[in-house]
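The values are calculated or read from the model by the stated rules, or taken from the named source; none is laboratory data. Remember, it's a predicted structure, so these values are computed and weren't measured experimentally. Heads up, the Cβs are rebuilt from the backbone with ideal geometry, glycines too, and the neighbour counts pull from every protein chain shown.
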2 protein chains.
Amino acid sequence: MGRNIIVIGAVALGPKAACRLKRLEPEANVIMLDRGLRISYGGCGIPYYVSGDVSDAAELQSTSFHLLRDEKFFRDTKDIEVRPGVEAVAIDRAAKTVRVRTLATGAEETLPYDKLVIATGSTPRRLPIPGADLPGVFAVADLDAAVEIRARLTAGEVGSAVIIGAGFIGLEMAVAVADMWGVQTTVVEYAGHVLPTVLDRTLAHMARLHMQDKGVAFRLGCQVVAIEGAGRAERVVLGTGETLAADLVIMAVGVAPNSGLASEAGLDVSPRGGITVNDRLETSDPDIFAGGDCVELSGLVTGQPMYLPLGSLANRQGRVIGDNLAGGDSRTPGAAGSWCVKLFDLAAAGTGLTLEAARRAGLDAVQVHASQLDRAHFYPDKGFMFLDMVAERGTGRVLGVQGVSEMGDALIGRINTVAAMLPQRATVADVSNVELPYSPPFTTALDILNMLANVAENVLAGRNRSLLPHEFAELFAQRESGATYFLDCRELGNAAPFVEKYPDLWHHIPQGELARRIDELPRDRKVVLLCNTGARSYEALVTLAAAGITNAYNVAGGMVSLVRSGVKL
Amino acid sequence: MGRNIIVIGAVALGPKAACRLKRLEPEANVIMLDRGLRISYGGCGIPYYVSGDVSDAAELQSTSFHLLRDEKFFRDTKDIEVRPGVEAVAIDRAAKTVRVRTLATGAEETLPYDKLVIATGSTPRRLPIPGADLPGVFAVADLDAAVEIRARLTAGEVGSAVIIGAGFIGLEMAVAVADMWGVQTTVVEYAGHVLPTVLDRTLAHMARLHMQDKGVAFRLGCQVVAIEGAGRAERVVLGTGETLAADLVIMAVGVAPNSGLASEAGLDVSPRGGITVNDRLETSDPDIFAGGDCVELSGLVTGQPMYLPLGSLANRQGRVIGDNLAGGDSRTPGAAGSWCVKLFDLAAAGTGLTLEAARRAGLDAVQVHASQLDRAHFYPDKGFMFLDMVAERGTGRVLGVQGVSEMGDALIGRINTVAAMLPQRATVADVSNVELPYSPPFTTALDILNMLANVAENVLAGRNRSLLPHEFAELFAQRESGATYFLDCRELGNAAPFVEKYPDLWHHIPQGELARRIDELPRDRKVVLLCNTGARSYEALVTLAAAGITNAYNVAGGMVSLVRSGVKL
């Protein structure tokens, strides 16, 4: 007679844990419950269902070989009993039982367990503002909400939408409704830039500008204080007093872990609400495991607790729980927070910490920014990639890397590389030497990631003093003060329009002439060097340093990054 | 007065080392020589110049901002003196001088050095066969050879070509001449499959079949014994006695390190001909550094010496030499041998060891093979990726990974990940848990690389017993013997054509019905399980094991890998 395993929650982690356990211990009796009627679906696919890229909601719930992952599927192919529409209402840890209630009938039952898995996920937060409950106001809670949103779009009931929150889900939903349905879409975000927890501002500005080019409007540093309408959402009121028309309002302001059941059972729950687990994903009761959106994780880079509700983590954690349920000893590494998102034609991705997150964690961090072609420059089909690297002073440890590019797979390939190195506390020297494949149609001889680490190494060593685009913009705004000497190191053809536009302010010496024209430079002012991508301006910085001019800075990412991040010249 | 640094060789590593040194030590006097007249070019771009993708050879010698990297460029922008057409003829280590000869005039000169860099590269091997010197027979030695080959193509002088050698350069040149110039092209390779040093046969067959679909012919396991023609190459004679028409013959049978100068100066050179260097890239004389194609490296995975003439390694090594020339202490990790290549619409890539290479190195290795969609299965735009992973029994250490896919950047992103983990002696468990970004337009929730490592872990644990496509093909060829029971675990629609074609031999039970129909299976014969990708047949294997049927195997990569690797059914 097999052991009784109960899994509470049947969306991502639950099914993964249950299936892995059954493969390792076929004799186990596994019951998996879920409050919802739709189970085992790809929640991250919701924006692509809303957009219409995925035509039928059932596709999100199907295997790659087109079988619907429903009760019958789990019974026949996995020998797992699934009970949709059944809620776990209480855990009796002493008796090792779970009381469950069938939502349709209210009938209750008590199930015994040898091991229990809590995979209760999370609930989208809703802003406590007037009108939050009006019809037409949604949170992307589950597939049912998605079906309702898409039905309204399909029926032509939505002319304008306001998305509250510029995180992953907010931006993905903005793309979905604006791109495929032509809805007039505005994203309202409290922070000063989009994707505020995962991008610093240079890359965030690039992402936002791309979305603006595609027709999405943004209100940054702005709050929604009310939703108004006669019986349904019609408009949104901002903290500024302005009003935006909105037939559809989507709140995408984060999620909260569903840890009530666990805390009522006396399991340890963190102050921020996530169930506390160790690296085996055991809760404070060794017979109860938990994972996915309902737990708090240990941050890989900071060692501090963090909450990371990501589907990819849930899937990997499910396997670890399956192993440990079966008597194994699998461990999860700390969570780095690797992510990617598609915003129209642009991809953004990252792993580890932003500069802002690193500083908040008390780390002495620097950020470098670089722009480079993602393929050999002589290869016909290529695009720019923009990368930030965050590293710790003193140790040279890499804390994070983020990027944006139209070449999404190529960008993610670089993020993958760093994600694989973070657990080893890799330094910039390690990334500088990492041996990535090279062929002109795909990459550059010195990979952009090697190059980025080289830049970081030069910055940490004090050889490269660079300005981020917004830092340049602040200096350039005060150009009339004369405190800063702006020097364009490119060839004449590139520099001429700016020399013409800013006579006496925009200076020009090609990098190749700099050494012999060094006396033309002032020695009593700050010098800012600019080229196309930051490569020649760094060379120029070295030339200046050799001539004793050390109050000099180059613009990271050069003119390409200035233009792409919206610095007006 | 700065130190005198002489760099012998000005293609890839030489310029990189010289430029890095000059940035760190601007006062150094750097002289860089090269026998050739064209310097600092991207040799890996030669096939793309030959094809016409790159219109002008000068583009391979230009910076990304379109400056030609010639003598003037290095003098003006880098303060480096370059002497093209000058050969180093002898090194006097006691006197610390190099004797150099200007090839055009024969004039000789002796230059003093404080530190010397040998970056003499390699020379393509030429087969010692009759006709090897005929006009129309080329090795891809340098940009000059490329210019000549393209001139002949442009002039319409080439109707048929034979490429000898199916390594990177051979296949890239085959693509170049067949794809863009419509030349009837045959690749002749001595080994039994293409890319024999970097791919095992399943993936190699997939790559070859793709090239065959594009019109390239192959003769594998075959030698060229002579090249014949009246005053120029007209045909190639194979060891079989057959003759192939060939207006153009390209020998791409590997390269040999140019280490004569070093060995004549008494520096240590390995039995295989590469200059011996330590991880600082110092030769046996601490005042002389060497790197790139002329040195022998230490293999990262095996710890054994290996020869890896790759441009990407040369570039990274150049920076290390530059650091150390300037008094730093930079180190190169061992070389993994990361590579990628574009073959028409298909990419192939890898890092570390193949199964064959691992076994040759004396390692107790296993290989797993997997096929999977590279994106969420419900996302409209997706493709298959085929991956091999080689791991060590006992330790679970990952020794290498290789793949082919139409999604080149996505494939390389996975190879990057493993390349970053090899230096840490990562295990399959580490790769199983590596935290890669997920979003449906780009990846799968459980990344294909996590999945591949999971398969490897199941194989190493003995839970998954899998057959490679060619192993299946061998068993299936003997199907009439009745020794093996072939079971298709897919749904009826997939299985029906095969059941019809092979009555009584091709059995069918959908995986979902297997548990309750287990008695239909024989217990006295080997059972081979097949599904689309290997996922369901593994589940079936577990079901069989639970029922006590252990003489069972599943087909790795499933029907998709069988079809793509050319197994006829």
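Observations on the structure shown:
- Residue check, residue B:482 small (Gly, Ala, Ser), touching a residue at least 60 places away in the same chain (Cβ under 8 Å) and at positive phi: no
- Residue check for residue A:287: surrounded by fewer than 21 Cβ atoms within 10 Å (Cβ to Cβ), away from chain B (no Cβ under 13 Å) and within 25 Å of residue A:6 (Cα to Cα): yes
- Yes/no for residue A:548 being touching a Ser or Thr at 6+ places or on another chain (Cβ under 7 Å) and not β-branched (Val, Ile, Thr): no
- Residue satisfying condition, being closer than 17 Å to residue B:565 by Cα and surrounded by fewer than 19 Cβ atoms within 10 Å (Cβ to Cβ), within set B:394, B:383, B:403: B:383
- Among residues of the range A:360-377, those that are at the interface with chain B (Cβ under 10 Å from one of its Cβ atoms) and in contact with a strand residue (DSSP E or B) (Cβ under 7 Å, 6 or more places away or on another chain), counted: 3
- Number of the exception - residue B:307 against (1) within 10 Å of chain A (Cβ to nearest Cβ); (2) out of contact with any helix residue (DSSP H, G or I) (no Cβ under 6 Å at 6 or more places or on another chain); (3) surrounded by fewer than 24 Cβ atoms within 10 Å (Cβ to Cβ): (1)
- Scanning the range A:527-551 for residues that are part of a loop (DSSP other than H, G, I, E, B), more than 9 Å from chain B (Cβ to nearest Cβ) and either under 39 Å from the mean Cα position of the chain (by Cα) or of a type in the set (Asp, Glu) (or both) yields A:534, A:550, A:551.
- The range A:414-436, residues that are in a helix (DSSP H, G or I), facing another protein chain (nearest Cβ under 7 Å) and among the aliphatic types (A, V, I, L, M): A:415, A:419, A:420, A:421
- Candidate set: the range B:446-482, residues that are touching a strand residue (DSSP E or B) at 6+ places or on another chain (Cβ under 9 Å) and assigned to a loop (DSSP other than H, G, I, E, B); chosen: the one nearest to residue A:317 (Cα to Cα): B:464
- Comparison of A:364, A:345, A:381 shows that the only residue that is over 30 Å from residue A:264 (Cα atoms) and at pLDDT below 95 is A:381.
- All positions within the range B:20-63 that are of a type outside the set (A, V, I, L, M, F, W, C), touching a Leu at 6+ places or on another chain (Cβ under 8 Å) and free of Cβ contacts under 8 Å to residues at least 24 places away in the same chain: B:45, B:62
- Among the residues making up the range A:238-258, a single one is under 16 Å from residue A:117 (Cβ atoms) and surrounded by fewer than 24 Cβ atoms within 10 Å (Cβ to Cβ): A:258.
- Taken together, the criteria exclude residue B:410 from residues that are surrounded by fewer than 22 Cβ atoms within 10 Å (Cβ to Cβ) and either at negative phi or of a type outside the set (A, V, I, L, M) (or both).
- Matching entry among A:216, A:177, A:237 (being closer than 30 Å to residue A:370 by Cβ and hydrophobic (A, V, I, L, M, F, W, C)): A:216
- Verdict on residue B:488 being modelled with pLDDT of 95 or more and closer than 30 Å to residue A:1 by Cβ: no
- Residue B:173 within 20 Å of residue B:227 (Cα to Cα), in contact (Cβ under 8 Å) with a residue 12 or more places away in the chain and within 14 Å of another protein chain (Cβ to nearest Cβ): yes
Matching residues to (1) at the interface with another protein chain (Cβ under 10 Å from one of its Cβ atoms); (2) of a type in the set (A, V, I, L, M, F, W, C); (3) under 16 Å from the mean Cα position of the chain (by Cα); (4) surrounded by 24 or more Cβ atoms within 10 Å (Cβ to Cβ):
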| residue | (1), (2), (3), (4) |
| --- | --- |
| A:282 | no, no, no, no |
| A:293 | no, no, yes, yes |
| A:311 | yes, no, yes, no |
| A:316 | yes, no, no, yes |
| A:331 | yes, no, no, no |
| A:336 | yes, yes, yes, yes |
| A:345 | no, no, no, no |
| A:358 | no, yes, yes, no |
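- The range B:379-413: number of residues that are out of contact with any Phe, Trp or Tyr (no Cβ under 7 Å at 6 or more places or on another chain), within 13 Å of chain A (Cβ to nearest Cβ) and either within 20 Å of residue A:431 (Cα to Cα) or not acidic (Asp, Glu) (or both): 14
- Flag for residue B:131 being under 14 Å from residue B:224 (Cβ atoms), small (Gly, Ala, Ser), part of a helix (DSSP H, G or I) and not assigned by TED's automatic domain parsing to the domain that holds residue B:51: no
- Restricting the first member to the range B:495-508 and to residues that are in contact (Cβ under 8 Å) with a residue 12 or more places away in the chain, and the second to residues that are outside any helix (DSSP H, G or I) and surrounded by fewer than 16 Cβ atoms within 10 Å (Cβ to Cβ), the beta-carbon pairs closer than 7 Å and six or more apart or on different chains are B:498/B:569.
- Test for residue B:413: is it modelled with pLDDT of 95 or more and within 19 Å of the chain's Cα centre (by Cα): yes
- Total residues in the range B:197-233, condition free of Cβ contacts under 8 Å to residues at least 60 places away in the same chain and assigned to a loop (DSSP other than H, G, I, E, B): 6
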